[in-house]
Structure formats: C-alpha cells, structure tokens
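The next block holds one structure in the form of structure tokens; read it before the comments.
The values are calculated or read from the model by the stated rules, or taken from the named source; none is laboratory data. These numbers come from a predicted model, not from an experiment. Positions of Cβ are generated from backbone atoms using ideal geometry, with glycine treated the same way; all protein chains shown enter the neighbour counts. Heads up: the accessible areas ignore ligands, DNA and RNA and are worked out on the full protein's heavy atoms, side chains in. Shrake-Rupley method; radii C 1.70, N 1.55, O 1.52, S 1.80 Å.
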Amino acid sequence: MVSPATTLRSLSVGGATYDLFVSLSDAVTDNQGSIVLPSGSKTTIKGVIEACGGGAANTSVGLSRLGLDASFCGVLGSDQWGEKMLANMKKEGVRTESATIVEGETSSFSVIISTGSDRSILTARGVSEHLHDVTFDLDAVKKSDVIYLNHLCETSCMIENDIVRMLNNFSGHLTWNPGGCQIDAGMHQKDKNELLALTSLLLLNKEEALRFTGEKSVESAIERLRAAGVKCVCVTDGKNGAVAENETGRYHCPVLPVTIVDTTGAGDAFGTGMTWALSSGQSLQISMIAGTLNASRVVSTIGAEAGLLSRKEMESLLAANTIVTTTIA
C-alpha cells in the first residue's frame with residue numbers, strides 16, 4: 001500500500017440525516033411488492049434501529065475511519081437528532097467546525113420501513129434545505145487536500161457558484177456525487193460544466209449518467225464526461241458492478257457476492273473507498289476494489305455507517321483481495 005507522507009485533510013459538503021429503521025412482518029407486503037398498512041389497524045413492529053446517515057455525514061465518517069483528517073460541512077438542527085448526529089461525528093473523529101446549527105428547526109430525518117425483502121423510505125429534508133445558507137469557510141477549503149461534494153437537495157443547488165469560486169485555486173482531489181436537481185439540469189449548464197472541469201472523481205449510477213449527459217449508453221456518457229475535463233468517471237450498475245475510466249484506461253469491477261441486509265449508504269461507502277484510494281496514490285483498479293469492499297461491508301449491516309471499514313481493515317482486505325478487475329477495450 002502507498003501511504004501519504006502526511007495525513008490528508010478532507011471536507012465533505014452536503015447533508016446529514018437521522019435514520020429510524022422500522023422492521024415489520026413480511027405479511028404487510030402484497031403481490032405487487034408494495035408495503036401495505038391497512039387504515040385503522042395496528043401493525044406489529046419487530047424492531048427499531050436508530051442510525052446516523054446523510055451523504056456528507058457518511059463520507060466524512062468513512063474518510064475519518066480510513067485515516068483522513070475529515071471535516072463535515074452541512075446543516076444540523078438544534079433538536080435531539082441534530083445533537084445525536086453531531087455527537088456521532090465527534091465520536092468518529094470528524095471535525096465539525098464547518099457545521100451550521102439552525103436553532104428551532106428540525107434536523108433532516110428518515111423513517112425506513114422494512115419487511116426484510118422490501119423497504120420504503122419516508123423522508124423529511126428539514127434543515128438540509130438551508131444548505132445554501134451555510135457560510136462556507138474558505139480557510140477550510142484551502143486547508144483541505146480532498147473535497148467530497150455530495151448530493152444536494154433542490155433548494156441547495158445554487159451553492160454551486162460558491163463552490164466553483166472556492167475551488168478556483170484548489171489543487172487537491174475533488175470527488176463529486178451529483179444529486180437529483182443537478183442530474184435533471186444536465187451537464188451542459190455553466191456551473192455544472194465548470195465543476196466537471198475541476199472534478200477528480202465523478203460518481204454516478206447508470207441511470208444518473210444517462211440522464212446527466214443525455215447519452216444512450218454508459219460508454220458514450222463516460223466519453224462525454226471525460227471530454228468535459230473529469231479526470232476519472234465511475235458509473236455503478238447495481239449487481240453488475242462498476243465501470244470507471246481515467247487516463248490509464250477503462251475498467252470493470254464486479255460486486256462481491258454477499259448477503260444484502262440493507263443498501264442504505266452503499267453508494268457513499270463505495271465513493272469513500274474510491275476517494276481514499278485515489279487520493280492516496282492507488283491505481284484506478286485498486287481504487288474500484290477498495291470502493292467495492294467498503295460497500296459490500298456496509299450492505300451487510302443495517303445503517304449507512306455501521307459497516308464502514310477502518311484503514312487497518314481496508315488494507316487487510318486489499319492484501320487478501322480476490323476481486324479481479326478487467327480492462328475494457
């Protein structure tokens with residue numbers, strides 16, 4: 001493994017969400033796979049698990065576990081959920097000086113209803129809608145070696161101007177995982193185009209890649225994004241694995257055959273593993289494997305952060321790795 005001479009500093013920008021996982025009986029799932037809660041009746045709950053989540057929270061915790069000096073930049077409420085998320089980040093060694101606390105409002109939270117085979121998510125953005133009101137700390141950006149720009153909710157897409165301006169003289173690694181409003185707007189908007197030219201690693205799933213570029217195939221989408229200046233483009237496709245390309249070539253990485261318990265945070269875990277490896281000087285192939293290992297551990301547990309690997313665990317798994325990447329001509 002290649003280790004940086006000094007500890008890299010990272011800044012994750014985006015949301016934090018408090019998740020409540022409610023486990024129900026399979027009997028509430030109908031023939032169409034819909035979860036049914038009959039009106040006026042009581043449904044027995046098998047269990048409830050509380051967990052911290054949200055893109056910026058997940059990636060900052062993930063990068064901290066992998067040995068980076070990680071910071072979180074996002075919005076939390078002053079309620080009990082905000083306090084729990086703040087305490088969790090501090091426990092995980094994440095710096096929170098760049099967090100904004102909104103008094104008298106509710107933190108972002110989700111209720112994930114699971115029957116074991118199916119799930120539905122009830123979500124409230126809460127204070128995450130105020131992300132555009134965050135006072136971005138230019139000094140924090142200047143001190144960062146790695147910036148991870150996570151999904152943004154619709155009301156926060158306007159901060160792209162601020163981010164582009166802050167990154168004008170940034171020479172480190174930028175990972176960008178665009179959200180719904182950014183995907184729908186398309187890659188040709190001025191702000192999006194400027195961000196793409198600054199991006200070291202762009203993370204999209206297959207559907208997002210096609211919508212974002214307007215292309216009909218993953219191959220042409222990757223070509224379009226690379227032409228826009230992205231150093232490395234990675235497109236995930238569920239059980240089919242991931243395809244990524246940089247200046248060394250285009251590669252496919254398969255998934256690990258694991259028992260899936262919960263997919264919450266899988267994309268964040270994959271991106272965190274790739275970001276850690278690329279910013280540490282690893283090859284694209286090794287970076288894809290690192291992302292896959294991290295994601296496979298996360299989907300084997302409930303919650304977005306419980307399964308995130310430590311650096312020691314990651315290096316041990318990479319040393320014993322059996323995942324084989326293939327070169328795509």
Checklist line | MRE, 222 nm, helices only [DSSP H, n ≥ 4, -39500 (n - 2.57), over the chain, to nearest 500] | finding: -9500 deg cm²/dmol
Notebook entry, point to check: Label-point separation (nm) for residue 207 and residue 25, each offset 7 Å from Cα along Cα-to-Cβ?
Noted result: 3.1 nm
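Using a probe radius of 1.4 Å on heavy atoms only, what accessible surface per residue do you get for the chain? Whole Å² is fine.
Accessible area per residue, the chain: 45 Å².
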Check: Residue separation times 0.36 nm, minus the C-alpha to C-alpha distance between residue 248 and residue 42: what's the value?
Finding: 68.4 nm
Next item on the list: Would you check the accessible area of residue 327, probe 1.4 Å, heavy atoms only, in square angstrom rounded to 10?
Entry: 100 Å²
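Report, for the chain, the % of DSSP beta bridges that are antiparallel, rounded to 5. Before the final figure, lay out each step's value.
Details: 27 of 57 bridges.
Beta bridges within the chain, antiparallel portion: roughly 45 percent.
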Next item on the list: Above 25 angstrom, tally the Cα pairs of segment 1-119 and express them as a % of all pairs, no decimals.
Entry: 41 percent
Next item on the list: For segment 207-329, go through all pairs of different Cα atoms, get the mean of 1/r, take its inverse, and jot down that Kirkwood value in Å.
Entry: 14.7 Å
Check: So if R0 is 30 Å, what FRET efficiency would residue 326 and residue 300 give, r being the distance between their Cβ atoms, rounded to the nearest 0.05?
Finding: 0.75
Next item on the list: Determine the share of segment 219-281's accessible area contributed by carbon and sulfur atoms, expressed in whole percent, with a 1.4 angstrom probe.
Entry: 54 percent
Next item on the list: Sequence neighbours fewer than 8 away in the same chain don't count; with that in mind, list the lysines whose C-alpha is under 18 Å from residue 216.
Entry: 206
Check: Per residue, how much space in cubic angstrom lies within the convex hull of the C-alpha atoms of the chain?
Finding: 144 Å³
Check: Magnitude of the Cβ-charge dipole of the chain, K/R +1 and D/E -1, about the Cα centre, nearest 20 debye?
Finding: 680 debye
Checklist line | Fraction of alpha-carbon pairs over 18 Å apart in segment 248-310 - percent | finding: 31 percent
Next item on the list: On the full set of protein chains, 1.4 Å probe, figure out the accessible area of residue 143 and give it in Å² to the nearest 10.
Entry: 120 Å²
Notebook entry, point to check: In a GNM of the chain with a 10 Å cut-off on Cα contacts, which of 124, 209, 269 has the highest mean-square fluctuation?
Noted result: 124
Note to self: What are the membrane-span-like helices in the chain by this rule: whole DSSP H runs, Cα extent along the axis at least 18 Å, mean Kyte-Doolittle hydropathy at least 0.5?
What the structure shows: 284-298
Item checked: Computed accessible area, residue 235, all protein chains, 1.4 angstrom probe, square angstrom -> 10 Å²
Item checked: Residues with amide H under 5 Å from that of residue 54, placed H, sequence gap 5 or more -> 17
Next item on the list: Provide, as a two-decimal number, the C-alpha radius of gyration of segment 83-129 over 2.2 N^0.38 Å, N being how many residues it has.
Entry: 1.47
Margin query: Among 196-204, 243-251, how do they line up by average Cβ neighbours within 10 Å per residue, starting with the highest?
Written below: 196-204, 243-251
